[in-house]
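Okay, so here's the structure we're looking at.
The values are calculated or read from the model by the stated rules, or taken from the named source; none is laboratory data. Worth saying up front: this structure is predicted, and the values here are computed from it rather than measured. Cβ placement follows ideal geometry from the backbone for every residue including glycine, while neighbour counts extend to all protein chains displayed.
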Amino acid sequence: MYLTVRNATKTYGTFTALDDVSISIEQGEFVCLLGPSGCGKTTLLRLIAGLTDLDAGEILLENEPLSALPARKRGFGIVFQSYSLFPNMTVAENIGYGLKIRNVPAGDIAARVRELLDLIKLPHLADNFPGQLSGGQQQRIALARAIAVDPRVLLLDEPLSALDAKVRADLRSEIRQLQRSLGIPTLMVTHDQEEALALADKIICMNHGTVVQAGSPEELYHKPATRFVADFMGISNLIDTGTIRDVQPDLLTHRPEGADDAYIACIRPEQIALTPAEDGPATVRTIGFLGNLRRIELDSPFGPLVVETHGAIDCREGQSVQLTITPEACTWVANDTAEGAV
Ligand code: ATP
């Protein structure tokens, strides 16, 4: 492992912001820390950056403890949510700042700055000041400034969340391409599951100062460890065991053994088939057209359900429908809300 955090604990007074957290990042990997506001993501990033001290645990970079190294000696690049460029420096001076304080010769700095401006596709803005630029441009420059010094790790704290949707989507894919082409191990904090799914090689899902699940985007999406993860990944149709037993007991076929409130079923919107039927038990509430698919919201004996389909549908709002769901469509996940963990 390239970067390892072992058993990190951090308290603020009586509040435990991080409770025995262990994570790792491999060389070249893009890792997203994902979780709701206040779960400890930024605290963990700041501990790694050296901007906050650990109460217990350790952080290792290539097996060397980092605790003795102050932030500026760790060789990390950091980009924050607010663009945090130096307002009185030009774009070129901002990007070259880290090199200048490392006493790199002026000619080398100029060449590197030009190279980075090309890389972020803003070569014409070298002599502008940050106040003259859009949010997206400023954030690209903050990124160029962070990578100018060839950081050993790139730390991104919600770098896209202050941008509007279109700019955010563009910059998201640029970050992804840059990170891939440069191969810098990257840790990004986000509370946006779509962003994490689109960017990460590995997602670390956190809640209440602990890691709930770490794995590939596919693993978290298709095999959420708990109800909290399923909910947070935006997975629709979480149905409790009692309801399934009452409505369609054959769906319990693959359920693990355990008390009724120990597991709930996730049924993906694309795994439910609909057929119009006058005596059907479900009613179509709304049909939404999302361009490449249709999203249908139903009232059903299971409760409200969401169904998605790419094909044509022959039902209307207000119509009664029959549902087809197979036991294989149910992914059973631990119901962590039952334990009071969420
Ligand atoms: P957000 O997305 O809202 O920034 P987060 O997951 O990044 O959330 P953190 O910023 O790590 O969360 O904060 C975790 C918890 O620790 C929060 O409840 C926060 O109020 C608390 N906290 C963070 N920094 C301090 C501090 N310096 N003093 C006291 N409490 C703090």
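For region 1-92, which strands (runs of 3 or more DSSP E) that fit wholly inside it have 3 or more residues that are within 15 Å of the ligand (Cβ to nearest atom)?
3-12, 15-25, 30-34
Being farther than 23 Å from residue 231 by Cα, exposed (fewer than 14 other Cβ atoms within 10 Å of the Cβ) and under 30 Å from the mean Cα position of the chain (by Cα) is the requirement here; does residue 318 meet it?
No.
Pairs under 6 Å by beta carbon, first residue under 16 Å from residue 79 (Cα atoms) in region 177-195, partner in a helix (DSSP H, G or I) and more than 16 Å from the ligand (Cβ to nearest atom), six or more apart or different chains?
186/179
Considering each of 9, 14 in turn, give the residue that is of a type in the set (Val, Ile, Thr), at pLDDT below 95 and in the same structural domain as residue 197 (by TED's automatic domain parsing).
Result: 14 is the single residue among 9, 14 that is of a type in the set (Val, Ile, Thr), at pLDDT below 95 and in the same structural domain as residue 197 (by TED's automatic domain parsing).
Conditions tested, residue by residue: (1) of a type outside the set (Gly, Ala, Ser); (2) closer than 23 Å to residue 33 by Cα; (3) assigned by TED's automatic domain parsing to the domain that holds residue 169.
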position: 51; (1), (2), (3): yes, yes, yes
position: 59; (1), (2), (3): yes, yes, yes
position: 68; (1), (2), (3): no, no, yes
position: 71; (1), (2), (3): no, yes, yes
position: 113; (1), (2), (3): yes, no, yes
position: 132; (1), (2), (3): yes, no, yes
position: 152; (1), (2), (3): yes, yes, yes
